[in-house]
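The values are calculated or read from the model by the stated rules, or taken from the named source; none is laboratory data. This is a predicted model, so every value here is computed, not measured. In this analysis, Cβ positions are derived from the backbone assuming ideal geometry, glycine residues included, and neighbour counts consider all displayed protein chains. Each accessible area value is taken on the protein alone, full model and side chains, heavy atoms only, with ligands, DNA and RNA left out. Shrake-Rupley method; radii C 1.70, N 1.55, O 1.52, S 1.80 Å.
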Amino acid sequence: AVVSTQSTGGVGRRRKVVDVIDFTTKKRTLGVTIHEEEAAEAMKMMSEFRLGDYIEITAGPEKGKSGKILSLSLETSRCIVRLPSEEMADLAIICIAKGDKMEYLRQRDSYNEVVPDVFAVPKIEQVDPKSTKTNGGNSSKIKAWLHRDLKVRIVSQEYRKGRYYCKKVDIVDIVDLYTCTCRSESGKLLENVPQEILETVIPKQRGTLVMLLKGEHRGQIAEIEDKDSRGERVVVVTIVDKEAVTASFNEVCQYVGDAVR
């Protein structure tokens with residue numbers, strides 16, 4: 001771009017004549033930004049993976065471990081992976097590579113072979129005194145179930161002076177095990193929302209996606225097959241293993257992410 005002006009006898013209080021300077025931008029040779037490059041690479045990698053694929057983690061604290069993909073999100077370019085220890089990990093797609101089933105089974109068997117030390121001193125859990133206590137005042141008994149891309153309902157009349165009481169919100173980020181950031185239906189971000197004021201949302205329509213929050217299928221994405229409102233139970237079919245699972249209302253929650261089937 002070139003900037004040009006015409007002289008009008010000078011500028012400023014003393015009407016000093018100033019030479020016109022032409023500004024010409026240099027040709028862009030650095031390409032896209034790093035963030036754009038990572039996004040492009042992530043989208044390319046998303047097309048290479050499917051639910052149920054075995055992977056190897058290439059970065060982060062779980063580097064070197066194998067895993068099995070339980071869900072993929074096109075929107076966030078992340079995936080939920082079951083580790084050989086049966087724990088779940090939420091990973092960026094750029095942190096994984098194609099893995100081997102036999103290696104995953106080998107690592108899983110090595111975890112199963114670990115014999116617990118019966119003489120070990122039991123570890124005492126430290127409870128944060130600032131955290132709000134429920135369930136008889138013992139928050140350590142409450143299992144964490146928060147996860148990104150879940151639709152939940154706020155059930156506290158005290159939170160934000162009751163403006164969001166019984167309103168549905170989407171979890172967009174996890175602050176810690178018991179705290180998250182949510183987005184309201186109007187698009188407003190609600191920060192530091194505690195798990196204790198949230199309840200799961202159970203979709204009515206058959207075929208709607210949910211996430212299993214507890215048990216051996218924890219972290220898996222499934223479809224609603226049947227719903228018993230009176231008994232507060234649902235029958236779902238997992239996307240990866242096509243297995244029918246019966247669960248209570250507090251063991252599943254509507255999933256609003258982009259699950260690649």
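Values for this structure:
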read-out	value
Residue-level accessible surface for LEU209, protein heavy atoms, 1.4 Å, Å²	20
Karplus-derived 3J(HN,Hα), 6.51/-1.76/1.60, for each residue of segment 204-216, Hz, glycine and proline x	8, 7, 5, x, 6, 7, 9, 10, 7, 9, 9, x, 5
Stretch gain in nm, segment SER248-ALA59, where the contour uses 0.36 nm per residue and the Cα spacing is subtracted	64.5 nm
Separation in nanometres of the label points that stand 7 Å from Cα toward Cβ, at GLU225 and LEU189	4.0
FRET efficiency, 1/(1 + (r/R0)^6) with R0 51 Å, evaluated for ARG233 and ALA97 via beta carbons	0.85
Theoretical gain in end-to-end length, GLU158 to GLU87 [0.36 nm per residue, Cα-Cα removed]	22.1 nm
Kirkwood Rh and Cα Rg combined as Rg/Rh, segment 137-261	0.97
Rounded accessible area of ILE174 (nearest 10 Å², 1.4 Å probe)	60
Within segment 180-223, GluC sites (Glu not before Pro) in DSSP loop having at most 12 other beta-carbon neighbours inside 10 Å	GLU185, GLU216
Positive minus negative residues near ARG233 (Lys, Arg vs Asp, Glu; Cβ under 10 Å)	-2
